[in-house]
Amino acid sequence: MTDEQKNFISLMYANCVRYADDYGISQSCIPAIVGQAILESNWGKSLLASKYFNYFGLKCGSSWTGKSVNLKTKEEYKAGQLTTIKDNFRVYSSIGLGIKGYFEFIKNKRYSNLKTATNPRQYLEYIKADAYATDSKYVNKVMKVVDNYVLPWLKQYDYKMNNIVKEVVLGMWGNGEERKQRLTKAGYDYKYVQSQVNMYLKGMK
């Protein structure tokens, strides 16, 4: 895994952590969402992602009132047969808004079952059944990305996070606003770190 790939996963993961709880999505399913972003955007290099901050191939639909861009895409309406079409895709103005846009998108009633998913594969099976993607191999393609890239990164990240949590508890990162600023400057998602600290302290009681 390259440093560029690690940085992309880190960026996607941190932003997903920021929004998942607010939209009722289990933290344990975030690897699936990061895997979707990797597959859909080719590691953030697709035109739709790099220029328009749409990392998930989100189409406009009838409810979208924001900016849009018309681009070519491939759909699998018949198993094993790809059809090239042009469609309107949602445009966002930043990375954070692009990822938040994904969670806004799955807030639609047809994706309500995602709130009951407890692991990456289940999440992907649900969202495929909800007609999120036409690719007949979508679940396996995303899970391959999750298994080969996201979970190995997460394992390394969790090891580092455990050390950060212990340092925070020991007061090595300061308190209050100082802690928030120092963790953020170091590249950590403050909300996620604090949630892990709270869980750690709860386990010590």
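The values are calculated or read from the model by the stated rules, or taken from the named source; none is laboratory data. Owing to the predicted nature of the structure, the values given are computational and were not obtained by experimental measurement. All Cβ positions, glycine included, derive from the backbone under ideal geometry; neighbour counts span all protein chains shown. Accessible surface areas use protein heavy atoms only, side chains included; no ligands, DNA or RNA. Shrake-Rupley method; radii C 1.70, N 1.55, O 1.52, S 1.80 Å.
Solvent-accessible area of Tyr188, all protein chains in place: 40 Å² (probe radius 1.4 Å, heavy atoms, ligands and nucleic acids excluded). Extension gain, Asp147 to Ser63: 0.36 nm times the residue separation minus the Cα-Cα distance gives 26.8 nm.
Out of (1) 54, 34, 26; (2) 57, 35, 31; (3) 59, 44, 31, which label holds the value of Cα extents along the principal axes in Å that was computed here? Correct label is (2).
Dipole orientation for the chain: of the candidates Asn148, Asn42, Phe89, Phe89 has the Cα lying most toward the positive pole (charges on Cβ; Lys, Arg +1; Asp, Glu -1).
Of the residues Thr134, Pro31, Phe103, the one whose Cα sits farthest toward the positive end of the charge dipole of segment 1-154, with +1 on the Cβ of Lys and Arg and -1 on the Cβ of Asp and Glu, is Thr134. With an a/c value of 1.5 or above and a/b larger than b/c for the gyration tensor axes a ≥ b ≥ c computed over the alpha-carbon atoms, segment 1-49 is described as prolate.
Using heavy atoms of the protein chains and a probe of 1.4 Å, the accessible area assigned to Asp3 is about 110 Å². Taking all protein chains as shown and a probe of 1.4 angstrom, Arg121 keeps an accessible surface of around 90 Å². Residue by residue, segment 31-45 carries 3J(HN,Hα) couplings of x, 5, 5, 5, x, 4, 4, 4, 5, 5, 9, 6, 6, x, 9 Hz when phi is fed to the Karplus relation 6.51 cos²θ - 1.76 cosθ + 1.60 (θ = phi - 60°); x denotes Gly or Pro.
The separation of segment 125-143 from segment 163-205, counted between C-alpha centres, amounts to 36 Å. Here the extension length gained between Arg182 and Lys51 equals 44.1 nm, from 0.36 nm per residue of separation less the Cα-Cα distance. Note on the chain: GNM, Cα springs under 10 Å; of Gly44, Gly35, Gly24, the largest mean-square fluctuation is that of Gly24. Potential lengthening of the chain between Thr2 and Asn119 amounts to 39.5 nm, from the contour at 0.36 nm per residue minus the alpha-carbon distance.
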